[in-house]
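Read through the structure below, which is laid out as structure tokens, and then see the notes.
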Amino acid sequence: MDRMASSMKQVPNPLPKVLSRRGVGTGLEAAERESFERTQTVSINKAINTQEVAVKEKHARTCILGTHHEKGAQTFWSVVNRLPLSSNAMLCWKFCHVFHKLLRDGHPNVLKDSLRYKNELSDMSRMWGHLSEGYGQLCSIYLKLLRTKMEYHTKNPRFPGNLQMSDRQLDEAGESDVNNFFQLTVEMFDYLECELNLFQTVFSSLDMSRSVSVTTAGQCRLAPLIQVILDCSHLYDYTVKLLFKLHSCLPADTLQGHRDRFMEQFTKLKDLFLRSSNLQYFKRLIQIPQLPENPPNFLRASALSEHISPMVVIPVEASSPDSEPVLEKDDLMDMDASQQNLFDNKFDDIFGSSFSSDPFNFNSQNGVNKDEKDHLIERLYREISGLRAQLESVKTESQRAMLQLKGRVSELEAELAEQQHLGRQAADDCEFLRAELDELKKQREDTEKAQRSLTEIERKAQANEQRYSKLKEKYSELVQNHADLLRKNAEVTKQVSMARQAQADLEREKKELEDSFERVSDQAQRKTQEQQEILESLKQELATSRQELQLLHNNLETSAQSEAKCMAQIMELEKQRDSLVTTATGREEKLSALQEQLECSQLKLASAQESMCQLAKDQRKALLAQSRKAVERMVQEALSQLEEPTLISCAGSTEHLLSKVKSVSSCIEQLEKSRSQYLTCPEDISDLLHSVMLLGHLTSDTIAHGSSTSLRAPPEPADSLTEACKEYGRETLVFLASLEEEADSTAVRNCLSKIKAIGEELLPRGLDIKQEELGDLVDKEMATTSAAIEAATARIEEMLSKSRAGDTGVKLEVNERILGSCTSLMQAIQVLIVASKDLQREIVESGRGTASPKEFYAKNSRWTEGLISASKAVGWGATIMVDAADLVVQGRGKFEELLVCSHEIAASTAQLVAASKVKADKDSPNLARLQQASRGVNQATAGVVASTISGKSQIEETDNMDFSSMTLTQIKRQEMDSQVRVLELENELQKERQKLGELRKKHYELAGVAEGWEEGTEASPPTLQEAVPEKE
């Protein structure tokens, strides 16, 4: 630390040659080494400087490449040791940012070279912790985080600096020991706690009320958080996985502390990720993931499959060129094929190449007993079948998601077009309001000037008040001093009076003594001895009295001098008091004048604000009146065009008219809400203006569509509809005219109800099924089939939930596999039905000409009946298959029934495909999608068959018989019984096959008679090859 402190006293302005030639790269020449050191010195000093801006990426990248070039961080620390990190907080903050990047992306030896400075970083962290302002606390917490990161990677060397690990590497880090996993989780909690502390400290140091992310100072503080976000995402993912692993090995009560600590960190991390994703600075540099709404439930083991690892994505423009590529669909398929080849090679290496030609070892064994290799081979083949079924389900799900996304894209494009139209209208309104906005800005500037002058006056008044308070304190102090002097003067005067009284007493005693002396002198002769003694004593007393009198005279003179001085000071203080009183009086007069000016300014400001509010209110009223007039003109134009001949050639649909009526009703409700909000808060007028303009457009469209719809209606309903539209337009004008007052929309709603009733009467009514109304039956049967498929899917999900709750072991595995394949089949059939609907719609649109769809269906009645029959067969087959699957799951059904049902569904869908593509164009994209969906159904059917056969064999394996306790005679008897049973079953199989052939022949004869195949119509029966799906 002394070496670093001595080198941190000053930052050299020129770039010195601070690096000695060390033998790091033995193959580098002296010139290359000197050039490398010079380049690193320049980059480090540019990255770590005193400017409050974010570290540039190119300088940090140069430092990272330098560590890989020299395979360490000696050069970096040689340059950093000469920087005054302990005296400049900005240098220390940028050093922490660059050092964090080196620990994450630099050479692995950076950690080893930096361990010797760990104690120095701790001392620096404690030193910066004493500062509570600026970057002091930030540097202290960041240095503590870096020390924690170094200690964590030192204890766990398997973790790289960027914390990117696979699940297998994470398991290897714990060495399959639950104690190691427990300790590793605690260390991850400590590590994540330091990351969150830095996160919260940076956000608390920023003023979030302003756009700090676009300022250089804000970006300087936010830039290191990118590294923190990358670390936190990995630490959160590994913590969740380790906690699930610990809960599978330890009791839940033992891990209560872990769960509580995880919940606390989960709440903090979710909030910080959400706040970071809203900052403009991060949006162009990094895509921050969002954590789930609820934390994972570690008490439920299956919740691990619901966990999604948070992925932090750095955009291409913000990331390095060697970023991770995105795998496309073809790459995934190639990868699947390569993995299959790798599996085959490993299989040949383990079991030998002979297993590829003879996997079940039929050439060397009699097939009665199977060894472990055969069981392993069967298990591997079952796993391959399951993986293939899962791959097909994933492909089907991706196709469905793609269709949904395409539909969403089309909806968004329509919304975008509508928003652009509204934007153009808003631009016109903005041009009108821009002039008024300029005037308001000028008035606002005048108001701000008045406010600034008022602020200056208040500041001066405050300064005067401070001066007055100081003078008042000085005056009170002088008054106190004057009172003290007066008290001292009174005491001195009292002492002088006492001294004078004592002097008078002495003089009186002196006179008395002289009188007594005269009387004694008369009697001197008689009492000479007594008088002499008395005289001596009196002389002594007289001398003593004279001495005391002299002392009193001296004290009196001293007191007189002191009194004179005190009187002079009192006179001077009185003069100062008079001057201070005069000054205070002037100050009070100035203060009163300033207060009067302040009150005038406040009155002016209040009047200006009141005038501005009134002006804004008038402008809002004018804007609302102009919008209302524009809407009234729009409705009047629609009413005027109601009888014009230009609409005679237009023919509208009743369904579109009813949709417009529904939109108008919703708009009126929104208008009433906006009007109530406007009356409550007059400043908010945007919603009311939008609702008024929208009502005008919808009203004009409704009147126009009502007029065009009446042209195709019978005379009486047409006249009623036209009159209702006129009445609706007039009532709308009345409603808009009274919008600023107490407007009532009851009349408008009554008119809309009348138009809706007339429109519903004009809709085609469903009567007895006739030849002309086969089109409705086709749509109905298609809808019924879709509903049956959806009900079957829901029922399968319910059966799967019940099986998971009640079954365990092999039975649960078999049930999940079978029900999963059935669900995939139902999803494939749904895709097929959607493709069939699209193809039928295309056939009807291309073949009907000017006729309606119902007339087209009536004209091609045989083809329509074929569609209806095929749709019914698909729905019936789905219901039967669900019943069979239910019985199999419950253990009361047969696997063969499920196989037959799956084949029947495949045949029904093949019939639907054949009936759908009879009239289709061979180059139609809808036909291609239909054929693709048909192949998906066949693949799903093959998956059901494979899962059923696999489940059956797996169930049968669990029911193997034990022949160890049987004798030779018993085994021979069982063998004969088995041979008899085999012959009986073969005979029954032959009879059932003959019965099946007769049933199929009769079925096709009845279907041909019902659908008119013998009459030579367009709809031809599907062949047996088309009806039966390809087998596995």
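The values are calculated or read from the model by the stated rules, or taken from the named source; none is laboratory data. Since we're looking at a predicted model, the values are computed, not measured. Here the Cβ is made from the backbone with ideal geometry for all residues, glycine too, and neighbour counts use every protein chain on show. Ligands, DNA and RNA are stripped out before the accessible areas are found, and what is left, the full protein with its side chains, is counted by its heavy atoms. Shrake-Rupley method; radii C 1.70, N 1.55, O 1.52, S 1.80 Å.
Note on the stretch 228-256: residues that are free of Cβ contacts under 8 Å to residues at least 24 places away in the same chain and under 18 Å from the mean Cα position of the chain (by Cα) total 0. The condition of being open to solvent by 30 Å² or more (accessible area, probe 1.4 Å), of a type in the set (S, T, N, Q) and either touching a residue at least 40 places away in the same chain (Cβ under 8 Å) or farther than 22 Å from F159 by Cα (or both) holds for only one of S114, S132, S125, that being S132.
Can you find even one residue in the stretch 200-208 that is among the β-branched types (V, I, T) and in contact (Cβ under 8 Å) with a residue 40 or more places away in the chain? Looking for residues that are among the β-branched types (V, I, T) and in contact (Cβ under 8 Å) with a residue 40 or more places away in the chain, one finds at least one in the stretch 200-208, hence yes. Name the residues in the stretch 452-475 that are closer than 14 Å to Q602 by Cβ and in contact (Cβ under 8 Å) with a residue 40 or more places away in the chain, would you? S453, L454, I457, E458, A461 - these are the residues of the stretch 452-475 that are closer than 14 Å to Q602 by Cβ and in contact (Cβ under 8 Å) with a residue 40 or more places away in the chain.
Only one of the listed residues (R675, R628, R620) is part of a helix (DSSP H, G or I), farther than 30 Å from Y468 by Cβ and either at pLDDT 75 or above or in contact with a His (Cβ under 6 Å, 6 or more places away or on another chain) (or both). That residue is R675. Of the listed requirements (1) of a type outside the set (S, T, N, Q); (2) open to solvent by less than 50 Å² (accessible area, probe 1.4 Å); (3) modelled with pLDDT of 75 or more, M976 misses just one: (2).
Given the structure, is T396 surrounded by 13 or more Cβ atoms within 10 Å (Cβ to Cβ) and hydroxyl-bearing (S, T, Y)?
Numbers: surrounded by 13 or more Cβ atoms within 10 Å (Cβ to Cβ): yes; hydroxyl-bearing (S, T, Y): yes.
It is true that T396 is surrounded by 13 or more Cβ atoms within 10 Å (Cβ to Cβ) and hydroxyl-bearing (S, T, Y).
For the criterion of being outside any helix (DSSP H, G or I) and modelled with pLDDT of 70 or more, R526 passes.
Residue pairs whose Cβ atoms lie under 7 Å apart, sitting 6 or more positions apart in sequence or on different chains, and linking a residue in the stretch 929-941 that is more than 17 Å from A878 (Cα to Cα) to a partner that is in a helix (DSSP H, G or I) and not polar (S, T, N, Q), are R929/A835; L930/A835; L930/L839; L930/V913.
Run down L15, L65 and say which single residue is modelled with pLDDT under 50 and not β-branched (V, I, T).
Values: L65 fails: modelled with pLDDT under 50.
Answer to the selection: L15.
Does at least one position in the stretch 482-495 carry a residue that is assigned to a helix (DSSP H, G or I), more than 25 Å from E563 (Cα to Cα) and among the hydrophobic types (A, V, I, L, M, F, W, C)?
Looking through the stretch 482-495, none of the residues is assigned to a helix (DSSP H, G or I), more than 25 Å from E563 (Cα to Cα) and among the hydrophobic types (A, V, I, L, M, F, W, C).
Listed by position, the helices (runs of 4 or more DSSP H) contained in the stretch 154-259 that have at least 1 residues being closer than 25 Å to Y281 by Cα are 178-204, 216-222, 225-247. Could you grab me the full set of residues in the stretch 581-612 that are among the polar types (S, T, N, Q) and in contact (Cβ under 8 Å) with a residue 60 or more places away in the chain? Those that are among the polar types (S, T, N, Q) and in contact (Cβ under 8 Å) with a residue 60 or more places away in the chain: T583, Q595, Q597, S601, Q602, Q609. Taking the listed residues S132, S122, S114, the one that is small (G, A, S) and outside any helix (DSSP H, G or I) is S132, with no other qualifying. Scanning the stretch 678-728 for residues that are hydrophobic (A, V, I, L, M, F, W, C), under 28 Å from Q626 (Cβ atoms) and in a helix (DSSP H, G or I) yields a count of 11. Once the stretch 50-65 is narrowed to residues that are within 18 Å of T215 (Cα to Cα) and touching a residue at least 24 places away in the same chain (Cβ under 8 Å), the residue that is surrounded by the fewest Cβ atoms within 10 Å (Cβ to Cβ) is Q51.
From the list F189, F262, F159, F199, pick out the single residue that is in contact with a helix residue (DSSP H, G or I) (Cβ under 8 Å, 6 or more places away or on another chain), open to solvent by less than 30 Å² (accessible area, probe 1.4 Å) and modelled with pLDDT under 90.
Going through F189, F262, F159, F199 in turn, just one is in contact with a helix residue (DSSP H, G or I) (Cβ under 8 Å, 6 or more places away or on another chain), open to solvent by less than 30 Å² (accessible area, probe 1.4 Å) and modelled with pLDDT under 90: F199.
State which residue is farthest from A301 (Cα to Cα) when the search covers only the stretch 786-806 and only residues that are open to solvent by 20 Å² or more (accessible area, probe 1.4 Å) and touching an Asp or Glu at 6+ places or on another chain (Cβ under 9 Å). It comes out as R795. Among the residues making up the stretch 689-699, a single one is under 19 Å from R749 (Cβ atoms) and under 32 Å from the mean Cα position of the chain (by Cα): S691.
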